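To keep things clear, I will list the structure first and then write my remarks on it.
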Amino acid sequence: MKKVLFSALLVAGLGVLLSSCTKYKDQRKAVSGFAKVYCDESFKNILEQEIQIFQYQYPQSDVMARYMSESAALDSLLNDNVDLIITQKDLTQDQKRYLASKNRAYRSRMIAVDAVALIVNKNCDIDELSMQELSDLMTGKYRTWGKIVPTKMRNDSIRLLFDGNASGVIHYAKEKFLKGKDFTFPVYSAKSSEEVFQLVEKNRNAIGFVGVSWIADDMGESQKTDEERFKQLNKSEQETEPSAIDFTDRVKVLRVREMDKVEGVKPYQAYIADGSYPLFRKIYAIDAAPPGTPAHQFYVFLTGVIGQKIILQTGIMPGAEPVRIVDVSN
């Protein structure tokens, strides 16, 4: 059995990492107050962990997250209802000009490279789909499984499940396969990624589309106390062991194959990093908060070493920090 292990590789020039908890004691009073951030629901699993560690580091701070469609988050930023958003789209030139016309300074940075995972019922006998087969699914060319791939479910209708009718995942699917147009047949919109899991677990003919962090099993990292995680995250690169990432056993995660490849791959970090897994997307943090405010400090945290290490532990690729990939075989 082959496993792929990962650890954060710190950028040269960052200097020495904060290597002791003593050094952090003074910093824990440096940020105080209330901040809010609007975020696409598919990124919720990651953002909650970021907030948890940020608030442990800065106990006088309070970050409130609201989860919504990416278009609603962008509208809220432009209308000055929020200063920090997480979305899979960067600002357009028109949006940048609009903020400038309002004298609102902003900063934007890619914080992660996420991927869309395909999940099916554990009793489903399908293990892999090609990009062409996915295109046939998305365009509605075929509406039964037997028309797509050889399967015992050949007469079963295909049930596509997304985490909301305005989520980043469904927008990604439309742009990737439909040139941004709407589906020509009914698709099923769950209320959350967790509900997608529940529906897939109950329906053999369903295929769910979720962000990779929702299927990642971090091998117990998230079960540690805040203090334990904080100490681990603040270790230097030399002290940090590579993190093993596996997938949940609640559902089956499908391999996806490019048309010019012999075999498909699952959305492991190494295959997201080298582009072998084709369904990847960029995640941006966009900040228009004044410097020194809690919202701006949270943006700095997200884009810094600790925030990027948290992202690495959730099964996706950090966007601001390079990654060391180590192959080991058992």
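If you plug the beta carbon distance of Lys181 and Asp274 into 1/(1 + (r/R0)^6) with R0 = 35 Å, you get a FRET efficiency near 0.70.
The trypsin sites (Lys or Arg not before Pro) of the stretch 171-221 that DSSP puts in a loop, and whose beta carbon has at most 13 other beta carbons within 10 Å, are Lys179, Lys181, Lys191. What the Cβ-Cβ distance of Tyr56 and Arg109 gives, at R0 = 22 Å and to the nearest 0.05, is a FRET efficiency of 0.45.
Pulled fully out, how much extra length does the chain show between Ala166 and Thr151, if you take 0.36 nm times their separation in residues and subtract their Cα-Cα distance?
Numbers: separation 15, 0.36 × 15 = 5.40 nm, distance 3.14 nm.
Difference between extended and current length: 2.3 nm.
Net length available on complete extension from Glu48 to Asp226 is 62.8 nm, with 0.36 nm assigned per residue and the Cα-Cα distance removed.
With the full set of protein chains in place, find how many percent of the accessible area of the stretch 37-87 is carbon and sulfur; take the probe as 1.4 Å. Intermediate results must be reported in sequence, preceding the final value.
Details: 640 of 1730 Å².
Reported share for carbon and sulfur atoms: 37 percent.
Taking amide H positions as modeled 1.01 Å from N, with prolines and chain starts lacking one, the residues under 5 Å from Val63 and 5 or more places away or on another chain are Ala35. When each of the peptides 45-55, 62-72 is scored by how many other beta carbons lie within 10 Å of its residues on average, the order from highest to lowest is 45-55, 62-72.
Measure off, as a whole percent, the carbon and sulfur share of the 1.4 Å-probe accessible area of the stretch 145-197, all protein chains present. List each step's numbers first, then the result.
Values: 1320 of 2830 Å².
Here it works out to 47 percent.
Packing-based ranking of 94-106, 306-318 yields 306-318, 94-106, ordered from highest to lowest mean Cβ neighbour count within 10 Å.
Any chance you could run the full-extension gain for Lys141 through Val262? It's 0.36 nm times the residue separation minus the Cα-Cα distance, nm to one decimal.
Working: separation 121, 0.36 × 121 = 43.56 nm, distance 2.37 nm.
Working it through step by step, the gained length comes to 41.2 nm.
The values are calculated or read from the model by the stated rules, or taken from the named source; none is laboratory data. This structure is a prediction, so every number in the text was calculated from the model and none was measured. We place every Cβ from the backbone using ideal geometry, glycine too, and count neighbours over all the protein chains shown. Side chains are part of the model used for accessible areas, which takes the heavy atoms of the whole protein and leaves out ligands, DNA and RNA. Shrake-Rupley method; radii C 1.70, N 1.55, O 1.52, S 1.80 Å.
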